[in-house]
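Each reported figure results from applying straightforward, stated rules to the coordinates on display, with no laboratory input. Please read all numbers here as calculations on a predicted model, not as lab measurements. As a convention, Cβ positions derive from the backbone with ideal geometry for all residues, glycine included, and neighbour counts pool all protein chains shown.
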Amino acid sequence: MSSNYSLVDILSEMKRETEDSVQGFGAVQEGQVTHADAAGWSISGSKRLFDVLLSVSVLSVFSIPMLLIAACIRLTSDGPAIFAQKRVGRHGRMFTIYKFRSMVVPRGPRGVGLTHSGDARITWIGGWLRKLKLDELPQFYNILRGDMSVVGPRPKLLEYADELSPEYRPGITGAATLAFRREEEILACVAPGEIETFYHEQIKPLKARIDAQYMMSATFISDMRILLSTLCSSLMPEHSTALQYHEVVAVPRRTAQVTEPVQ
């Protein structure tokens, strides 16, 4: 695959996929990328150095805005400003991921672990944080610690540990993150009682395959394109390229069994 592989290429391939090509994407299974499969850049020291330098810069520039965001969260809703949760990282190592809390703190058992457009659990300030991706800012601390990378698949819950222990670090943004930029809008088109099943059988397998395919061909240039696309989609979401509901349902279902986190 060309090193110029972009989000447009990914979406084009996903849209062309049919029943006869369900085993497509170069026989890539659900995210199973070995050390030999992963692109050299994805597991290189140069990528790690870039991650550290960018994280230091972001945390330095946004330190005061982050404090203001934390204060606004605490003042507008009950609960902590930071949402923390255990995730699986590189080589299956567990770590604690940090995000600005964008949802109300549940007072009882958690409900459906997926959010959709108009979800009442999302606070008003949380809605803006999610839209602009500002809720992800604390994860630059995770990058500085070595838990994550800037670009890579989103970190998974513990249930993924036996399924996938990647050679590369999970990321703040990535190919699947951009492809499913409108995931909450997609889920809003699904009947409430079918959201979990739809996610596991339609969205999760596509995300895993998109990320696996990208990580096998990633370069510094392609990562920069992902970052630029993420910035543009956050500032101008109406102009961002992303999969739509009808495109997702056109792909044959593949069953998955893991539940995603509420946040």
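Could you work out the local net charge near H91, counting Lys and Arg as +1, Asp and Glu as -1, over the other residues with Cβ closer than 11 Å to its Cβ?
With Lys, Arg at +1 and Asp, Glu at -1, the neighbours total +2.
Local charge sum around L49 (other residues, Cβ-Cβ under 14 Å, Lys/Arg +1, Asp/Glu -1)?
Numbers: positive: K47, R48, R169; negative: D51, D223.
Counting the neighbours of L49, the net charge comes to +1.
Could you give the length gained on full extension between E184 and H246, defined as 0.36 nm per residue of separation minus the Cα-Cα distance, in nm? Can you show the working numbers first?
Details: separation 62, 0.36 × 62 = 22.32 nm, distance 1.40 nm.
So the chain would gain 20.9 nm between E184 and H246.
Take S233, S57 and order them by how many other Cβ atoms sit within 10 Å, fewest up front.
In increasing order of surrounding Cβ atoms, one gets S57, S233.
Determine the gain in length on full extension of the stretch L67-W124; use 0.36 nm per residue of separation and subtract their C-alpha separation, reporting nm with one decimal.
Contour length minus the Cα-Cα distance gives 18.7 nm.
Under the 0.36 nm per residue contour assumption, what length would be gained going from the current alpha-carbon distance of D78 and V52 to full extension?
Gain on extension, D78 to V52, equals 6.0 nm.
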